[in-house]
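Participant: Right, I'll just put the structure down here and ask away after.
Since every read-out is calculated from the coordinates, none of them should be taken as a lab result. Here the structure is a predicted model, which is why all the values come from computation and not from measurement. Cβ: placed from backbone, ideal geometry, glycine included. Neighbour counts: every protein chain shown.
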Amino acid sequence: MCQMLNYKTCCVLMICVAAIYIVYYLKWIKVDKNYERIFHQSLSKNISKKILFWTTVFGSSDVSHLGCKSFNCIVTNNKSLLSTSDAVVFHFSDINYDNLPNRAFKLQKFIYFTMEAPFSTKNYEAPKNYFNWIMSYNRKSDVLYQYGSKWIVVNESNNHRLDNNYKNILLKKKHKKIIGFISNCKSNSGREQVIKKLSKLMPIDIYGKCSNDETKKFGCRSNNKECEKNLINSYYFYLALENAVCNDYITEKYWSRYMYDSVPIVMRRDIYINTGIPNSSLISISDYKTSKEMVEHLNYLMNNPKEYLKYFEYRNTNIKVMSWDQFNLINGICALCNKLNDYVSIQSQNRIYDVLQLYSSINNCTTSKNAIAFINNW
């Protein structure tokens, strides 16, 4: 190139190019240094961290219910605040490839958010080498956002025990056996096939959209918890079968009903006890070689009250579910806020190359094919 220009012109051109690179480099240094200064100030002066929801969540732009009063964080969906937001959240099913921002500065955290099992997330594309953290129900996520709380041991007198009056528990039963609230009629866990097999051997009352009984399709209104509680308490067992069998995937099917006086039936025991749920408080389909064996055991429990009531003995011990206010300090937006206030976490610039693959890996779900194969031989 310099051969085509005189020496002086060539030198000027090279100096200009170098100057452009230097200005660009200094700009990034200035942005990062400025952010580091602001970060330290936020720790010392309690300046709020800013969490921007770039996408809607299942189409809803309402973020008024989000936030964490216990930490210095605010939540917004105002995209004009991108340049000053510490974290930018993208909900898996609402990501629009035509509207993906670039990072405003190197240490800005882009977060992949989902509360669904991988069978749902895999139906939506996700950009590669884009996200820093995963926020989900799985305990291996960077930020924990679970459906429920967790069981803890308390040393002091347990004043929050669930009802352990065995007489009251039994009096509520009206010879009703199993109840289930099912509205997703096509699951990856194969629960429809489980219900079908059990129904041939024992009456099961299904409420919700999947009920064959028109009078049970609507059951209790979603906001009428007292109705649901009284209904479930009149049965010996209730189905807490999820639509997917994955590590840590325990939804409101368990967490909104664990306090009822009925024994939950789940798919796989290890998923529940690994999270600290009392081992003796539930019945697992995976414990039985056949559906016939399971039904025989359920009948045995109903005919032997002392054996049935053993599933409630954990209520006499010093364990309880952590209060929502207490748990939310380490869960959801508060967990994200806490991480944003951690200097080591915020300094990392690591990105997840394939977020869908990683999310699938940490969940280690039972495939639909394997679930059906098990049930067919069950």
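Participant: Over the chain, what relative contact order in percent results from Cα pairs under 8 Å that are six or more residues apart?
Facilitator: 21 percent
Participant: If you split all Cα-Cα distances of the range 208-306 into 5 Å bins from zero, what percentages do you get per bin, shortest first?
Facilitator: Calculated over all Cα pairs of the range 208-306, the distribution is 2, 11, 19, 24, 20, 17, 7, 1 percent.
Participant: Per residue of the chain, what 222 nm ellipticity follows from adding -39500 (n - 2.57) for every DSSP H run with n ≥ 4, rounded to the nearest 500?
Facilitator: -9500 deg cm²/dmol
Participant: Projected onto the charge dipole of the chain (+1 at Lys/Arg Cβ, -1 at Asp/Glu Cβ, origin at the Cα centre), which of 241, 305, 65 gives the Cα projection farthest towards the positive end?
Facilitator: Looking along the dipole axis, the top candidate is 305.
Participant: Additional query: Label points 7 Å out from Cα along the Cβ direction at residue 361 and residue 174: separation in nm?
Facilitator: It works out to 5.3 nm between the two label points.
Participant: Sticking with this structure for a sec: Kindly provide the pair-distance distribution of the range 153-321 built from C-alpha pairs, with 5 Å bins from 0 and whole-percent values in order of increasing distance.
Facilitator: 1, 8, 17, 22, 22, 17, 9, 3, 1, 0
Participant: Neighbouring Cβ atoms within 10 Å as the yardstick, rank 342, 86, 98 fewest first.
Facilitator: Least crowded to most crowded, the residues run 98, 342, 86.
Participant: Put a dot 7 Å past each Cα toward the Cβ at residue 202 and residue 309; how far apart are the dots in nm?
Facilitator: 2.0 nm
Participant: Given the pairs 216/310; 176/217; 122/200, which are separated by over 29 angstrom at their Cα positions?
Facilitator: On the way: 216/310 31 Å; 176/217 18 Å; 122/200 34 Å.
The answer is 216/310; 122/200.
Participant: If you take the square roots of the eigenvalues of the alpha-carbon gyration tensor of the range 261-332 and sort them as a ≥ b ≥ c, do you get rounded (a/c under 1.5), prolate (a/b over b/c) or oblate?
Facilitator: Because a/c hits 1.5 or more and a/b fails to exceed b/c, the range 261-332 counts as oblate.
Participant: Right, something else. Among DSSP beta bridges whose residues both lie in the chain, state the antiparallel percentage, nearest 5.
Facilitator: 15 percent
Participant: Give, rounded to the nearest 20 debye, the magnitude of the charge dipole that the chain has about its Cα centre when Lys and Arg contribute +1 at Cβ and Asp and Glu contribute -1 at Cβ.
Facilitator: In total the dipole reaches around 100 debye.
Participant: Charges at C-beta only: +1 for Lys and Arg, -1 for Asp and Glu. How large is the resulting dipole of the range 153-321 about its Cα centre, in Debye rounded to 20?
Facilitator: Working: 28 positive and 18 negative charges, 88 e Å.
Dipole of the range 153-321, to the nearest 20 debye: 420 debye.
Participant: Of the residues 344, 355, 63, which exhibits the maximal mean-square fluctuation in a Gaussian network model of the chain defined by a 10 Å Cα contact cut-off?
Facilitator: Among 344, 355, 63, the largest mean-square fluctuation in the Gaussian network model of the chain belongs to 344.
Participant: Calculate the length of the line joining the C-alpha centroid of the range 183-261 to that of the range 310-343, in whole Å.
Facilitator: If you average the Cα positions of each part, the centres end up 25 Å apart.
Participant: Students often forget the sequence filter, so: which aspartates and glutamates lie under 15 Å Cα-Cα from residue 174 once same-chain residues fewer than 8 apart are removed?
Facilitator: Excluding near neighbours in sequence, the set is 205, 261.
Participant: What stretch of the chain, leaving out the sites themselves, is the longest with no GluC sites (Glu not before Pro) in a DSSP loop having at most 12 other Cβ atoms within 10 Å?
Facilitator: Result for the longest clean stretch: 157-378.
Participant: If you don't mind, there's one more thing I want to ask. Order of 238, 258, 147 from fewest to most other C-beta atoms within 10 Å? Intermediate results must be reported in sequence, preceding the final value.
Facilitator: Details: 238 23, 258 19, 147 16.
Ranked by crowding around the Cβ, least crowded first: 147, 258, 238.
Participant: For residue 74 and residue 376, FRET efficiency with R0 = 45 Å and r from the beta-carbon atoms, rounded to 0.05? Before the final figure, lay out each step's value.
Facilitator: Values: r = 52 Å, r/R0 = 1.16.
Result of the calculation: an efficiency of 0.30.
Participant: Just to confirm the number: angle between the C-alpha axis of helix 7-45 and the first principal axis of the chain, 0 to 90 degrees, nearest 10?
Facilitator: In the chain, helix 7-45 runs at an angle near 40 degrees to the longest axis.
Participant: Continuing with the same structure: Any idea what the dipole of the range 315-374 comes to, in debye rounded to 20, about its Cα centre with Lys/Arg Cβ at +1 and Asp/Glu Cβ at -1?
Facilitator: In total the dipole reaches around 200 debye.
Participant: Helix 291-303 versus the longest principal axis of the chain: what is the Cα-based angle in degrees, 0 to 90, to the nearest 10?
Facilitator: That works out to roughly 60 degrees.
Participant: May I pose another question? Semi-axes of the equivalent ellipsoid for the chain, please: Cα gyration tensor eigenvalues, times 5, square-rooted, ordered largest first, whole Å.
Facilitator: Output for the chain: semi-axes of 52, 24, 17 Å.
Participant: Share of Cα-Cα pairs in the range 250-371 beyond 18 Å, in percent?
Facilitator: 69 percent
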